[in-house]
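The values are calculated or read from the model by the stated rules, or taken from the named source; none is laboratory data. Every value quoted in this text rests on a predicted model; they were computed, and no experiment measured them. Don't worry about glycine lacking a Cβ; one is built from the backbone with ideal geometry, like all the others, and counts go over all protein chains shown.
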């Protein structure tokens, strides 16, 4: 950690001190994450340094810069750099900071009183707390990477979730490649015959960043299926379609259809209501002990539950955005019933259900309600209190081991029998 210097225009004092300006764009790199600086008598810590273009800063980060509009950011830049001016494609250094005395939420794990369910607050690239081949079902909604930015500078896509569109094919490839270690780790933890189920929406480019191609679909679903089959050896067993029934209304409740080139044909914009749920299965069979046979009998579904679980078209209203006590907003939680349907249909009572991108805790909460053992990983500790509340029986890990593997009968009673 180094003490560095940033020079600010006097006009920024009020906004810097009030937290309305939390970033600065410079032509040269002034600091690294962790470095500190003092401005207007207050100490700050640099938390990220990114390399966007000026066009991206103007379109996406003008509020972070303390400006009232994108046009104001461009005007300020031109005023500070009159000779070079505002060149949209110029790469710059975008420095984010926070007050030095900022206290972050605890990242301590959460455990259920019986020690059979847990939530860990670190990346799921290394799920060391979970035994290999011990998980019956992985149900998750992974980062989409398009329309949302899921990684800050100098970190992997598995870390963080901030709103920001992908602006180039190179960035898309980086996002996709960055998630591969998580999928490899998931398959490592999955038992033979276990299921990996991924909910994902089709995602589109923004024409502002792809002026020649315009708006188009990124092939993330096809790329993911190909990667999981070709490199991880899992076959796509089923594909479901979730009709999320999201509204296109504005804040006043008025209909706001996506029209595209209306009324001229050819470039109409499709109103997107459907998301896909991909069901992959790992090769191999499960060891059918008498104990497991009994658990399977206890997991019988009613006819209505069976039809719900294995109907390829799912009609459930999408969940609303969820808010953490810190004020953070989760933009894409999935509804409780969506998780419940797949947990009922693809696992048995007592099985381990894992979510490597837990978010606000839905998968673990529903797993516990249905008599399963829920394990979750989440990189944002801001959701810790909400997860504890949502799962109800999860309590802070006071006096408990940091890993489930430290319990007696590790990976058997706590994480399910190894198959």
Starting from region 344-357, take each residue that is free of Cβ contacts under 8 Å to residues at least 60 places away in the same chain and list its partners that are crowded, with 23+ Cβ neighbours inside 10 Å and part of a loop (DSSP other than H, G, I, E, B), counting only C-beta distances under 9 angstrom and pairs at least six apart or across chains.
349/372
Return only the number of the condition from (1) surrounded by 17 or more Cβ atoms within 10 Å (Cβ to Cβ); (2) closer than 14 Å to residue 278 by Cβ that residue 194 does not satisfy.
(2)
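Just need a number here: residues in region 360-386 that are under 26 Å from residue 102 (Cβ atoms) and at pLDDT 90 or above. Show your work before the answer.
Going residue by residue through region 360-386, those that are under 26 Å from residue 102 (Cβ atoms) are 360-361, 376-386.
Right, trim to at pLDDT 90 or above and you get 361, 376-378.
Of the residues in that region, 4 qualify.
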Please find, among 276, 208, 185, the residue that is surrounded by 12 or more Cβ atoms within 10 Å (Cβ to Cβ), outside any helix (DSSP H, G or I) and at pLDDT 85 or above.
276
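For the structure I just gave you, tell me whether residue 317 is surrounded by 11 or more Cβ atoms within 10 Å (Cβ to Cβ) and modelled with pLDDT of 90 or more.
Judged against the criteria, residue 317 is not a match.
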Within the set of pairs 6+ apart or on separate chains, which have a first residue in region 212-237 that is within 14 Å of residue 176 (Cβ to Cβ), a second that is surrounded by fewer than 13 Cβ atoms within 10 Å (Cβ to Cβ), and C-beta atoms under 8 Å apart?
none
Residue 24 fails exactly one of (1) under 18 Å from residue 85 (Cβ atoms); (2) crowded, with 20+ Cβ neighbours inside 10 Å, namely (1)
